[in-house]
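For reference, the structure is listed below as structure tokens.
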Amino acid sequence: MKAIIEVRHLVKKFKKAIAVNDLSFDVEEGTITGLLGPNGAGKTTTIQMLLDLITPTSGSIKLFGLDMATHREEILNQVNFSSPYVSLPGNLKVRENLYTFARLYGVKDIKGKINELVDYFDIRDLLPKMTSTLSTGQLTRLNLTKAMLNDPKVLLLDEPTSSLDPDIADRTRKLLKRIQKERGITILYTSHNMEEIEELCDRVIFIQKGKFRDDGVPSELIKKYGHTDLNEVFLQIAREGGEINSNS
Amino acid sequence: MKYSCRLPAKEVKLILILDLMKWYRIKALIIRHLYLYPRSFPRIMDVLFWPVLELLVWGFLSAYLEKLNLENINLVSILLGAIIFWTFLNRSQEAVTVAFLEDVWEKNLLNLFVTPIRISEFLFSTVILGLVRIVTAGAILGVIALVLYHFSIFQFGIYTVPFILSLLLFGWILGLFITAVILRFGTSAQVLAFGFIFLIQPFSAVFYPVSALPVAVQGIAYLLPSTYVFEGMRAVIATGTLPLNYLAFSFGINAMYLIIVLFFFYAMFRKVKERGLLLKLD
Ligand SMILES: Nc1ncnc2c1ncn2[C@@H]1O[C@H](COP(=O)(O)OP(=O)(O)OP(=O)(O)O)[C@@H](O)[C@H]1O
Ligand SMILES: [Mg+2]
């Protein structure tokens, strides 16, 4: 299959730490790929570099075959992002937030697009509400709605389910699966919930201390390492890598 | 509340340097901020109430002083002119910085910068937003000053417009500088948003001429574009004419600072992306 994201020899040095250390990987078009690793492994840093929010120290990032260093605008037009550590302004109404981002993405038929998406994500009754009054579950759906406004080809999600209760987390997973199936969107996402990863991901990439460790189809990785679930695989890879995060 | 911003898109596009900036993205940012005003009392106060209150305090004070000192006939003009022009500078700076801080406070900055928006578009939207705020506040101050104190800001004739433009420009430059500092050094620097301008005030010769300053700091005064506006304003009141070199200096220094501040802003933004600070800003 075609690689839609190509990361080559990516390095990010901060003053005191090397967050990403010679990382290379591909993400194939139309898949849900999990980016896994212990705390501090460099997942968030990698995702931020894929969005040009952080400048890499060296290495290259290509999306859709275009180099991020020279084609930022073209790339970001076809990408979107969502994470609990980012929020839409709480002092705007849901409708106003959606209109603002639809305008920013230059959506042609703004009204039609928002109409379509609020039905898809079942948030029509939230439109007149102030964003600050929404529950966490409602916010998650709103953020996903925002993330779909520009019909992205690639969706980057940083721990999208981390603050959700099991019920809402389950619904969110179903939504993600549905988006991928029905719209053929490529999703790269991070999570610490291995059950969820097993359920959702076509492929996972393990990184540790900024380095590539392993990748593959979850069920095959479980077999390869001789375990019964991905959680054990995670533990083995993380611990084989030397010191565990807490003393690194 | 609906905003249908029907600006002549074609003409605006021409100004946007051969379409390097996208007008629809600038418009999106402006409308995003305008949404807030109709329902936010503090924001309306910010544009209308505080400037008006200041005008009233100074207006009544100067009216009173004028009665005490019969010889000093232009006191009202000098003080009211000063306070109104000062407001233009102050509010122009604040508009830029606050528009930026709104997105920081709401943790929306990342959402904005994962859209294809350019820094230039981001900056341009703050210029327009500042203009909208200032024109509103300025109109109201102008009317109140006229009705209560028979003071017209247009008594400076054709100079009124370049005076105001120069102050708006300097306010925008200061706002950009403060925004860049907050971006780089975090929200602990946000006191600058409301305090920095008062570092400028004593040296800007707002309420008194440069000659009233100690000789040692007069040099600083002449480095500020605002100084020439306030000196010029007093010259017009005193003599009816304006030494044109005042205007020239004012715009010349502004142009120099504008170039410097744009470099500074882009450099800070680059630094912020290198250090991964966009994500940490709150
Ligand atoms: N802006 C920054 N300045 C300095 N160091 C940073 C910065 N951002 C991240 N780091 C460091 O880089 C490393 C990787 O951090 P990153 O946030 O990418 O990890 P992560 O895999 O997302 O972890 P988590 O699972 O906890 O979210 C960490 O050691 C972190 O301390
Ligand atoms: Mg992270």
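Read-outs: derived from the displayed coordinates by stated rules, not from any lab. Computed from a prediction, not measured in an experiment: that's the story for all the values here. Note that we place each Cβ from the backbone using ideal geometry, even for glycine, and neighbour counts take in every protein chain shown.
A few notes on this one:
- Dividing the helix sum by the residues of chain B, where each DSSP H run of 4 or more adds -39500 (n - 2.57), gives a mean residue ellipticity at 222 nm of -23000 deg cm²/dmol.
- Under 14 Å, Cβ to Cβ, from A:Ser135 - net charge with Lys/Arg +1 and Asp/Glu -1: -1
- Nearest 10 degrees, 0 to 90: helix B:244-275 Cα axis against chain B principal axis: 30
- B:Leu223-A:Asp22 FRET efficiency (beta carbon distance; Förster radius 41 Å; 0.05 resolution): 0.25
- Take each residue in A:84-91, count the other chain C-beta atoms within 10 Å of its C-beta, and the mean is 6.
- Pairwise FRET efficiency - A:Arg95 versus B:Ala139, Cβ, R0 = 22 Å, nearest 0.05: 0.15
- 20 Å-binned pair-distance histogram of the protein assembly as shown (Cα, whole percent): 20, 45, 25, 9, 1
- Note on B:Leu53 and A:Ala69: with the Förster distance fixed at 51 Å, the Cβ-Cβ geometry gives a FRET efficiency of about 0.50.
- The length gained on full extension between B:Phe198 and B:Leu146, counted as 0.36 nm times the residue separation minus their Cα-Cα distance, comes to 16.0 nm.
- Counting every C-alpha pair in region A:112-245, the share spaced more than 21 angstrom apart comes to 49%.
- Of all DSSP-defined beta bridges confined to the protein assembly as shown, some 55% are antiparallel rather than parallel.
- Within the shell defined by Cβ-Cβ distances under 12 Å, the residues around A:Pro166 carry a net charge of -3, with Lys and Arg each +1 and Asp and Glu each -1.
- Relative to the dominant Cα principal axis of chain A, helix A:136-148 is inclined by about 90°.
- Between region A:1-50 and region A:178-229, the alpha-carbon center distance in angstrom: 14
- Distance (nanometres) between label positions extended 7 Å along Cα→Cβ at B:Leu34 and A:Lys181: 4.3
- Cα→Cβ-extended label distance, 7 Å offset, between A:Ser135 and A:Arg171, nm: 0.7
- Counted by neighbouring Cβ atoms within 10 Å, the residues B:Val76, A:Val94 run from fewest to most as B:Val76, A:Val94.
- Cα-based helix-to-principal-axis angle, B:50-68 vs chain B, degrees rounded to 10: 10
- Exercise: per-residue mean of other protein chain Cβ atoms within 10 Å, B:112-120: 6
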